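Here's the structure we're looking at; comments come further down.
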Amino acid sequence: MKTKKFAAALLAIAVAGTVSVGFTACGKGGNDGNVGGDGTHTAVSIDAKKTRIIVMGYEWGPAIPKIIVELNGDVSGVSKDTFSVSMGSGFSKSKRTVTDAYACDAEGNKVTTATKYIAIEMSVKYGEASPFNYNQQSARNEWNDSLPVTVKVNSGKSFKAGTKEYLDGDKFEYTVTASDRLVPQTATWNKDSYNYKGEGKDITLSRASWTPAEAKTDGGKNPLVIWLHGGGEGGTDIDIALLGNEVTALTADNATNVQSYFTTSTIKGAYVLAVQSPTMWMDEDGEGHYGNSAANGEATGQPQVSYYTEALWGAITDYVSHNSDIDTDRIYIGGCSNGGYMTVNLALEHGDYFAAYYPICQGYLNGNISDDMLAKLKDLNMWFLLSEDDTTLSPEKYTIPLYYRLLQAGAENVHLTYKKNVPGVDDPNPSSWGGQAGCYMGHWSWICAFNDDVKKEIDNSKVTSQSYLTPENCTKDGNMWQWLASQKIDGQDVPPPASGSVETYTFEAENGVLAGSRHVQVNEWYGYDTVAVETKTLYTGDETKGAEVSAIGYFSGEDASITWTITAEEECDVTLTLWAASSVTKTEQQNVETQWGTFPQDVVVGIRPVEFTNASQPVTLKVNNGDVTLLGTVTGLDSITPTAMQDYSYYANYVGTVTATIHLNAGANTVVLKAPAENPQINIDKIVISGTTVKLSYVPVNNIKG
């Protein structure tokens, strides 16, 4: 599968030799002896040594915003109007728009002292003079190591280098190679490799890691964000992986600054790790063959195997083991396309290691994920991102049916952002190729992530069928990076972010499970039978609770309650969300065969929704003894499994959200959930509180009846 550089015709730079062109242009005379008696100036070559290019990462990939020309004498008389610049050759040749020019040092920094260097800055846009070529044979990006650059003096302009004055039409032509590149964004990364030997394999993976400036001296261990590249960014040059997908956006060196979500008063950002496959992550044999992972292929029903799974696992755990400052409860992994596939693959193979996953336009076919494999994914924390107009990896073959199956299986902390298309910021109106006009091709949905434009999600409580999963229904507020930063393996006490950002706190106990069998009434005529009980999450924290609270908020007696004490550093308003499930069954008249004959009876066929309105509060909420109205609907299910139909208290495998805005005082606040009726017919799985920069903590206290 090919990533955003799949469009070779757009991004490739044709390799061609340069040709010096002599021409005559009108202009003033100079001291170079090339002015005729009629006042015309015959263009000459500028006496310069070489041109260096500055490469930066943008939403579509790398581009060249600046060049540095080294002359054979100190320069003077340079301004932004002095030069015009063109790059490339043939159909890929483009005239660049110059925005500034000035005297500089060898690294391109502006100086006021004598220097032989000129920096020329240019605007950038998608598809213009890329430093990459796309190799159709290997299906990977490569550096364009033969990039023609022409710098020419504009009409009516001049400048000096040493004693020589150059006039309009004078130019310098140079072919940029690998040694002429400067990549300042990736220079701040530590680059190394990891060698894996096992299973008869000998694999070397390139790695790059970025460290926040204050990580080693801040107030605690720091989280780690891992990125896995797309198919076109494989190889042995890690810069291609860092620039091909704008991984530099994950650092503080980028204007988007995703790091703000991982920065608090005590924790100063997250480590970032990128690992590069020699070929592609979906390679089944190390030779570049997709096998049953072929893009938009037909499902085989068999797992998609990667040659690099254990090598990648080793590269990650090796990096973590050699960095004692990493918070191993806060390691997050994601990637796009090929990397999205590998994210899901590692979730299947090593799910308990990572706190959360963020697969983007992921490449694991739904039809190749069995129910047993799905069971490994449903309890993980995952946020999926894709665009509807993705023609490389069809949403209907990959993410959409997989996401719906996860909801049906009872996944409680899975999220989906489903975009209509992929708009731009660096280039607000990119030329369309395989996508909507004015947008990038739909497969490039990672652009939304790196532009911090993943702030809406599907409301899982409203999903009653797969057909509900559309971009039009992706309207619920939800921020992927904010959510990711709040996830922790032990589920507790993720620090608040720095001023101006939002943090989410999840108040729930550690998970336990109930499984096995139970004695239930099949129907009122036939009596009882023993049936299997599917795994359910129980409330098994350290706090004391009454017998009436058999799960976190599964209230089975009148006035059963559960209480939290929440401490805020300062007075604030926050959003409280109940993750809830209905225990109200839905029945219909069916003819049921018994030992005495067939009779019409009420048979459980589904589970009814439960609504919270101003007039109806199935579970009441009090904050500091004041009543707070909860609003929302816990969705039901039209049908449930035959086993579940026999279990009248069945409430697993679906979820709804109910919300309220609550006011917290500075200091301790008491929050009480209480069942006003004998059977409130509701289960509260967890409470999530989202607020601004307020340090929150909680202490569960005695939960008793009355």
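The values are calculated or read from the model by the stated rules, or taken from the named source; none is laboratory data. These figures come from a predicted structure and were not determined experimentally. For neighbour counting, all protein chains shown are included, and Cβ atoms are generated from backbone atoms with ideal geometry for every residue, glycine included. Accessible surface is based on the protein model in full, side chains and every heavy atom, while ligands, DNA and RNA are left aside. Shrake-Rupley method; radii C 1.70, N 1.55, O 1.52, S 1.80 Å.
Here are the numbers:
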{"read-out": "Positive minus negative residues near ALA347 (Lys, Arg vs Asp, Glu; Cβ under 13 Å)", "value": "-1"}
{"read-out": "Accessible surface ranking that places the most exposed of MET56, MET122 first, with a 1.4 angstrom probe", "value": "MET56, MET122"}
{"read-out": "Where the range 103-227 is the region considered: accessible area per residue in Å², 1.4 Å probe", "value": "44 Å²"}
{"read-out": "Distance in nm between pseudo-label sites at SER394 and ASP105 (7 Å out along the Cβ direction from Cα)", "value": "5.7 nm"}
{"read-out": "Area of HIS663 that stays accessible when all protein chains are in place (1.4 Å probe, Å², to 10)", "value": "80 Å²"}
{"read-out": "Positive minus negative residues near ASP100 (Lys, Arg vs Asp, Glu; Cβ under 15 Å)", "value": "+3"}
{"read-out": "Accessible carbon and sulfur surface of the range 361-423 relative to its total accessible area, %, 1.4 Å", "value": "49 percent"}
{"read-out": "Accessible area per residue, Å², the range 338-378 with all protein chains present, probe 1.4 Å", "value": "25 Å²"}
{"read-out": "Rg/Rg_globular for the range 352-497, with Rg_globular taken as 2.2 N^0.38 Å and Rg from C-alpha atoms", "value": "1.05"}
{"read-out": "Mean-position separation - Cα centroids, the range 107-121 and the range 590-611, in angstrom", "value": "83 Å"}
{"read-out": "Heavy-atom surface of the range 254-336, accessible at 1.4 Å and reported per residue (Å²)", "value": "34 Å²"}
{"read-out": "Efficiency of FRET between THR464 and THR594 - r from beta-carbon atoms, R0 30 angstrom, step 0.05", "value": "0.40"}
{"read-out": "Cα principal axis extents for the range 109-159, largest first, Å", "value": "47, 26, 20"}
{"read-out": "Share of carbon and sulfur in the accessible heavy-atom surface of the range 107-216 [1.4 Å probe, %]", "value": "43 percent"}
{"read-out": "Angstrom value of the Kirkwood radius, inverse mean 1/r, which spans all Cα pairs in the range 284-399", "value": "14.8 Å"}
{"read-out": "Rg followed by Dmax, in Å, when the range 62-179 is reduced to its Cα trace", "value": "15.1, 50"}
{"read-out": "Ordering of 107-113, 132-138, 247-253 by packing [mean C-beta count within 10 Å, highest first]", "value": "247-253, 132-138, 107-113"}
{"read-out": "Order of exposure, largest accessible area first, which applies to THR217, THR97 with probe 1.4 Å", "value": "THR217, THR97"}
{"read-out": "Accessible-area order (highest first, 1.4 angstrom probe) of the listed residues ARG140, ARG207", "value": "ARG140, ARG207"}
